[in-house]
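Quick notes on the structure that follows.
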Amino acid sequence: MVRECVVIIVILVIAGYVFLRSRRRMWFGAVFPLMLVPLVNTIFSPHFLDRLPHGYDIRLVIYLACFAISSLWIALWSKKLPVGKSRSAYIFSSIGFTFVLVIVLIVKGANIE
């Protein structure tokens, strides 16, 4: 899943660049919280992490912490966006994307061993 996460990061960087070029700076910043989970998965690849001493999988802890941080970041950033349907759509779709990605990474990570 490391390659897939790199592709997600590249696509989000391109989307951010498009927002920047179209002078939508608020939406440019809204792309960054979506990059957190793929970036952490790329840095802390499941192949290189060991288990915690108590038997908990460190990847599960890292992914859930990233989901919590990303969700909080999305919620805080959404206050800078214009009020209306676009703000609600941003919140629901961004948190949904992050949630699904975390679930996929947890399930795929469990199947590696």
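Would you tally the residues in the stretch 70-99 being β-branched (V, I, T) and within 17 Å of T42 (Cα to Cα)?
From the stretch 70-99, those β-branched (V, I, T) are 74, 83, 91, 95, 98; that's our starting set.
Those still in the list that are within 17 Å of T42 (Cα to Cα) too: 98.
Residues meeting the conditions: 1.
Considering (1) modelled with pLDDT under 85; (2) under 25 Å from V2 (Cα atoms); (3) in a helix (DSSP H, G or I), say which one I69 fails and leave the rest.
Here I69 clears every test but (1).
In the stretch 12-26, which residues are loosely packed, with under 14 Cβ neighbours inside 10 Å and assigned to a helix (DSSP H, G or I)?
V13, I14, Y17, V18, R21, R25, M26
Can you confirm whether the stretch 19-41 contains a residue that is over 20 Å from S71 (Cα atoms) and at pLDDT 90 or above?
No; the residues of the stretch 19-41 include none that is over 20 Å from S71 (Cα atoms) and at pLDDT 90 or above.
Given the condition in a helix (DSSP H, G or I), modelled with pLDDT of 85 or more and surrounded by fewer than 16 Cβ atoms within 10 Å (Cβ to Cβ), answer yes or no: does some residue in the stretch 56-66 qualify?
Within the stretch 56-66, one or more residues are in a helix (DSSP H, G or I), modelled with pLDDT of 85 or more and surrounded by fewer than 16 Cβ atoms within 10 Å (Cβ to Cβ).
The values are calculated or read from the model by the stated rules, or taken from the named source; none is laboratory data. The structure presented is a predicted model; accordingly, all values stated were derived computationally and were not measured. Virtual Cβ from ideal backbone geometry, glycine too; neighbours counted across all protein chains shown.
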